[in-house]
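Every read-out reported here was derived from the displayed coordinates using simple, explicitly stated rules and does not represent laboratory data. Please read these numbers as outputs of a predicted model, since none were measured by experiment. FYI the Cβ positions are ideal-geometry reconstructions off the backbone, even for glycines, and counts take in every protein chain you see.
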Amino acid sequence: MARYTDASCRLCRREGEKLFLKGERCYTNKCAVSKRAYAPGQHGQQKKKMSEYGIQLREKQKARRFYGILESQFRGYFGMAVKQKGITGENLLKILESRLDNVVYRLGLATSRPEARQLVTHAHFTVNGKKVNIPSILLEPGDIVAIKDKFKSSEKVKSIVEIAGGKVVPKWLEFDAENLSGKVVSLPAREEIDLPIREHLIVELYSK
């Protein structure tokens, strides 16, 4: 499947804010946004007045890049959100948050979403006791995510837990530090999603 392979920091610079794609590095003075707070490229430092469409597009791109999702996937999730009851924009964010790779990241079992996606792809996690290797699986309340037993003692896991283990786990998840597992208690409410995304702009974009 197609996947962005260029420097992750270029994405943060393009959106003008940290997307936390590099884990611990994003919190240091090595962060590209802190060092070069302008868009990449030859004309990156030029100030441009953005149209209404441009503002909506950038918001959609920012959301895509936060979660590491391709355009076709994102449009599919939007279609799911439209069919659900409630506010479409909030439905969309709940769907994105319920992805397996995002839940692994939110539980503190990875230092970034890209790292969580890689760990899931390498089949280091189970869902309800079954091995999985698809990061885009959508979890539901009651599902239990756990690191496979043979991977728990690895140096990789120890370093991840040391770096990310102190993060605050959102209320819609339940973390078991002893067993390195987590449970989806409920789908998140909008106020529990801490990303700076204006979802109504995404709805306006796709509604044209």
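Among residues other than Asp101 with Cβ under 12 Å from its Cβ, the summed charge is +2 (Lys and Arg +1, Asp and Glu -1). Is the shape of region 83-208 rounded, prolate or oblate, going by the alpha carbon gyration tensor and its root eigenvalues a ≥ b ≥ c, with a/c under 1.5 for rounded and a/b larger than b/c for prolate? Cα axes put region 83-208 in the prolate bin.
Backbone geometry of region 126-131 corresponds, through the Karplus equation with coefficients 6.51, -1.76 and 1.60 at θ = phi - 60°, to 3J(HN,Hα) couplings of 10, 10, 6, x, 10, 5 Hz, x marking Gly and Pro.
Neighbours of Gly76 by Cβ distance under 13 Å: Lys/Arg scored +1, Asp/Glu scored -1, total +3.
Note on Met50 and Val185: the extension gain reaches 44.5 nm, defined as 0.36 nm multiplied by sequence separation minus the Cα-Cα distance.
Using the reciprocal of the averaged 1/r over all distinct C-alpha pairs, how large is the Kirkwood radius of region 154-207 in Å? Write down the numbers at each step before the final one.
Values: mean 1/r = 0.0721 Å⁻¹.
Every distinct Cα pair counted, the radius reaches 13.9 Å.
Rounded to whole numbers, the Karplus 3J(HN,Hα) couplings from phi for region 56-63 are 5, 5, 5, 5, 5, 5, 5, 4 Hz, using 6.51 cos²θ - 1.76 cosθ + 1.60 with θ = phi - 60°, and x at Gly and Pro.
For Val185, the amide hydrogen comes within under 5 Å of the amide hydrogens of Gly142, Leu173, Glu174, counting only partners 5 or more places away or on other chains and with H modelled in the peptide plane.
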